[in-house]
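So the structure is just underneath, and the comments pick up after that.
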Amino acid sequence: MNDENLLKYFKHFNHPFYKKVDQITDEVKQMQIRKGAEKYSEPFTPSSWTGKELAIHALQELRDGQVYVVGLLERIEELEETLKFYANEENYEEDEFNMFAETPLVEYDRGKKARKILGGNHDH
């Protein structure tokens, strides 16, 4: 491997984002091992399963992952729509030609959209 490629690999392996990914996945790994230890008397042993059982279990886990990713996409869309509302400068302007819309939309909203997206009870 030449010096240029070595430098590229070094930059990738030591990139802060990838380090964050490693940290998060290590935390998830620990949580999953704890969960498995509480649920099962023995650690996972592939020889205790048939190939078909392993494949079906993997498919079930993949399906769960698909459901969570679609849920995540839905949340991202909600967050983006809320950000667009607050980023739209027109929502901060008074409408002098409409007697019912003299107050800017954000004054009516008063953060309601943000609190809805954040979830929980943020109304005070």
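The values are calculated or read from the model by the stated rules, or taken from the named source; none is laboratory data. These numbers come from a predicted model, not from an experiment. No Cβ is skipped: glycine too gets one built from the backbone with ideal geometry, and neighbour counts run over all protein chains shown. Surface areas here come from the heavy atoms of the whole protein model, side chains and all, with no ligands, DNA or RNA. Shrake-Rupley method; radii C 1.70, N 1.55, O 1.52, S 1.80 Å.
Just a few scattered comments:
- Residue check: residue 41 meets all listed conditions (1) open to solvent by 100 Å² or more (accessible area, probe 1.4 Å); (2) touching a Leu at 6+ places or on another chain (Cβ under 9 Å); (3) at pLDDT 90 or above but one, namely (2).
- Taking the range 54-70 as the range and being open to solvent by 90 Å² or more (accessible area, probe 1.4 Å) and over 30 Å from residue 111 (Cβ atoms) as the test, the residues that pass are 59, 60, 61, 62, 63, 66.
- Hits in the range 1-32 (condition: closer than 21 Å to residue 65 by Cβ, aliphatic (A, V, I, L, M) and open to solvent by 100 Å² or more (accessible area, probe 1.4 Å)): 31
- Of all residues making up the range 71-94, the number that are in a helix (DSSP H, G or I) and open to solvent by 90 Å² or more (accessible area, probe 1.4 Å): 12
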